[in-house]
Amino acid sequence: MVLVIVKALDILEWVAQDSGRTYSLTEIAEGLQMNQATCVNILQTLVSKNYIEHLGRKKGYRLGPMAYNLTNNLSYSQNLVLAAKEPMEELTAELNETSILGIIRNQKRFIVHLVNSDQDLQVRSRTERNIYETASGRLLLAYLSARELDSFIQSIGLPAPEVWPEATTAEELRSALAVIRGHELAVTRSASHIIGLAVPVRKGGQVVASLSVFLPEVRCTDERQQMIRAALQKTSQQIMARLDG
C-alpha cells in the first residue's frame, strides 16, 4: 500500500462528501487526523492536477473539474453554463464573433463555456490563461476583495511590462482595476492585434464569471467596439436573470 496515495484519496473523499461547499486546510487536516504540512503538500498536487480547486486562503478547497470528469458528471459549474448557453449562442449569432464564459480557477483564467463563430479569421484561446493577459481575466481580478487581490499578487506577482505595461506596480494595478470596475468593462489589445472585451456576470450581487468576446483588430472599429460592448452587457443581463430566477 502506498501511503501518500491513500492520503490523497482520503482528502478527495473528504472534500467530496459535500461537493456544494468548501473546506479549509484546518478542517481537512483535523478531520483526517493528518499533519497540516503533509496535507497541504498533497492538496497542492491535487490542485495542480485539477482534482481539487483552491479558491483562496479564506474560501478553502472544493472538488475540481477533473474529479467530475472521472465520472462524466456535468454538475461542475453546471448552473452557470446552463444559464449562459442559449444567451451566448444568440450573442455569437448576432456578432458572428466567438464568445467566452470565464472564471478564475487555480489563479488562472479558465474557460467554462465557449461558442465559436464561423468567421474564416477568428481568435482561438487556450482554456487556461494567465489572468493578466486577457480581458476576461482582468475583469475577474477587478472584483476580487482587497485581501484576495493581495494574496493573488503575493502568489503570482505583478504583471510583466510586456503583458500589461500600465500595471507593473501594485499601485498601478489597483488603479487599473478600479477603472475596470468603474466601467464594468475590461478591454485588451495584444501585440498580435487581438482585441478582447469583457463584462461581469453576477449572481446574487456577486461577480461569478466574465463574459467576453475576442476578435482581430481589423474587425474592431470604434463603432463596432461600442456595438460589441452593448451586446455583451445585454447578454450578461440575460444570464444573470436566469441565474437569479
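General remarks:
- Residue list for region 208-231, filter: among the β-branched types (Val, Ile, Thr) and either closer than 16 Å to residue 94 by Cβ or surrounded by fewer than 18 Cβ atoms within 10 Å (Cβ to Cβ) (or both): 213, 218, 221, 228
- Qualifying residue in region 122-138 (condition: aromatic (Phe, Trp, Tyr), surrounded by 12 or more Cβ atoms within 10 Å (Cβ to Cβ) and not in a loop (DSSP other than H, G, I, E, B)): yes
- Of all residue pairs spaced 6 or more apart or on separate chains, those with beta-carbon atoms under 6 Å, a first member in region 208-223 that is of a type outside the set (Gly, Ala, Ser) and a second member that is open to solvent by 60 Å² or more (accessible area, probe 1.4 Å) and at pLDDT below 90 are 216/121; 217/193.
- Count - residues of region 203-239 that are in a strand (DSSP E or B), touching a strand residue (DSSP E or B) at 6+ places or on another chain (Cβ under 7 Å) and more than 18 Å from residue 114 (Cα to Cα): 1
- Among the candidates 171, 217, 162, residue that is among the acidic types (Asp, Glu), modelled with pLDDT of 95 or more and assigned by the TED database to the domain that holds residue 126: 171
Residue by residue, here is whether (1) open to solvent by less than 80 Å² (accessible area, probe 1.4 Å); (2) at pLDDT 90 or above; (3) more than 29 Å from residue 186 (Cα to Cα); (4) not assigned by the TED database to the domain that holds residue 195 holds:
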site	(1), (2), (3), (4)
35	no, yes, yes, yes
48	no, no, no, yes
84	yes, yes, no, no
94	no, yes, no, no
97	yes, yes, no, no
104	yes, no, no, no
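- Against the test of being at pLDDT below 95, in the same structural domain as residue 137 (by the TED database) and basic (Lys, Arg), the options 229, 189 yield a single qualifying residue, 189.
- If only residues of region 158-190 that are more than 15 Å from residue 129 (Cβ to Cβ) and touching an Asp or Glu at 6+ places or on another chain (Cβ under 8 Å) are counted, the one that is surrounded by the most Cβ atoms within 10 Å (Cβ to Cβ) is 176.
The values are calculated or read from the model by the stated rules, or taken from the named source; none is laboratory data. Bear in mind that the values here come from a model prediction, so they are computed numbers and not experimental data. Ideal geometry is used to build each Cβ from the backbone, glycine not excepted, and the neighbour counts take in all protein chains shown. Quick note on the areas: whole protein, heavy atoms, side chains included, nothing else; ligands and nucleic acids left out. Shrake-Rupley method; radii C 1.70, N 1.55, O 1.52, S 1.80 Å.
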